[in-house]
1. Can you check what the net charge comes to around Gln152, using other residues whose Cβ is under 11 Å from the Cβ of Gln152 (Lys, Arg +1; Asp, Glu -1)?
2. If r is the Cβ-Cβ distance from Lys39 to Ala259 and R0 is 41 Å, what FRET efficiency results, to the nearest 0.05?
3. Looking at Ser204, Ala216, Met170, which one has the Cα that reaches farthest to the positive end of the dipole of region 126-283 (charges on Cβ: Lys, Arg +1; Asp, Glu -1)?
4. Check the straight Cα-Cα distances from Lys200 and name the lysines below 23 Å, setting aside those fewer than 8 residues away within the same chain.
5. Calculated from the structure, Cα Rg over 2.2 N^0.38 Å equals which of (1) 1.21; (2) 1.11; (3) 1.68?
6. For region 139-298, what value does the Rg/Rh ratio take when both radii are computed over Cα atoms and Rh is the Kirkwood radius, given to two decimals?
7. Among all the lysines, which ones have a C-alpha under 18 Å from Lys85's C-alpha, if same-chain residues fewer than 8 places away are not counted?
8. In 10 Å bins starting at 0, how do the alpha-carbon pair distances of region 219-298 split up by percent?
Amino acid sequence: MFGYIWEYVYTSFLRYWLKWLIRQVTGTCELQRICSGHKPGAARTTKAEYSLQSSKNKVLRGALETTKDSLEQCVDQIMKVKNIKPAKDPKFKESLNICLLQITGYSSLYISVEDLRKEVFSSDNPEHEAILLKLWDLLMPTVKLESRITKQWGDIGFQGEDPKTDFRGMGLLGLINLVFFSENYTAEARQVLSHANHPKLGYSYAIVGINLTEMAYSLLKSGALKPHFYNAVQGTPELQHFHQLYCYLAYEFDKFWVAEEPESIMQFNQYREKFHNIVRTHLQDPDVCLTLTVSSKN
């Protein structure tokens with residue numbers, strides 16, 4: 001209870017006067033001190049984001065929703081409001097620009113991911129069908145698919161004879177993640193598939209992959225992935241960066257599953273939650289960067 005009271009008093013009253021006092025002493029505003037006092041990445045951008053969110057100035061708060069095209073103008077407005085002279089602080093504009101690219105880019109990335117998630121896989125869509133067949137060819141290059149609807153799909157971890165029913169939760173996003181991993185990390189994807197087909201430790205490769213897409217999506221939606229993207233991308237995070245994160249999760253979950261040696265696939269939810277907690281713990285590190293260390297084809 002005391003903590004909530006203190007937070008209210010600090011954010012509503014004390015913070016403003018503390019910022020004012022430090023500015024009188026240093027001659028710099030909070031954003032300047034953040035940009036000059038922290039290295040690029042999450043350490044800088046998360047503090048800049050909090051500063052903008054907490055500001056009583058509508059120009060600063062509005063910067064969080066600016067578009068990429070108007071970002072430079074937005075930075076100029078902030079410098080004008082805060083009376084920041086480029087000659088006295090030549091690095092500020094570039095530093096704040098990168099912070100805003102990351103902050104607004106994260107919001108844009110979520111919208112793009114959500115759009116893919118909402119796009120329903122359709123057997124009547126030739127592009128969707130081509131992506132699905134590409135997944136088979138990447139994972140099973142020496143085995144010909146007998147027909148579009150077949151039990152063979154079970155060999156790469158789908159539940160039934162027609163994979164389209166498995167994409168209901170994550171839509172096209174789940175399929176594209178599976179293909180991205182298989183196309184850019186082919187050897188690793190096939191290795192993970194071989195583990196998934198193990199007679200004792202096996203699991204449904206595609207179904208688990210879609211489940212991990214849901215994990216990545218939920219982490220993105222909650223904002224938990226901000227430290228990762230702020231460290232991994234010095235600019236605007238885009239869809240390919242989300243797909244790269246999925247590759248990390250798919251590869252690391254397989255390593256985790258094999259190392260844990262579950263007694264049964266029936267324990268999947270238990271181990272999935274344990275892995276989820278491990279990932280969330282990593283994301284508490286301000287220097288976190290969840291990147292697959294093996295080399296991709298691109």
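The values are calculated or read from the model by the stated rules, or taken from the named source; none is laboratory data. Every value quoted in this text rests on a predicted model; they were computed, and no experiment measured them. Cβ sites come from the backbone with ideal geometry, for glycine too, and all protein chains shown count toward neighbours. To get the accessible areas, we keep the full protein, side chains included, count just its heavy atoms, and leave off ligands, DNA and RNA. Shrake-Rupley method; radii C 1.70, N 1.55, O 1.52, S 1.80 Å.
1. Working: positive: Lys144, Arg148, Lys151; negative: Glu146, Asp155, Glu161.
Net charge in that neighbourhood comes out at 0.
2. So the FRET efficiency works out to roughly 0.80.
3. The Cα lying farthest towards the positive end belongs to Ala216.
4. By straight Cα distance, Lys200 reaches Lys151, Lys255, Lys274.
5. Checked against the structure: label (1).
6. Details: Rg = 15.7 Å, Rh = 16.4 Å.
A ratio of 0.96.
7. Qualifying lysines at Cα under 18 Å: Lys93.
8. Calculated P(r), rounded to whole percents: 16, 47, 28, 8, 0.
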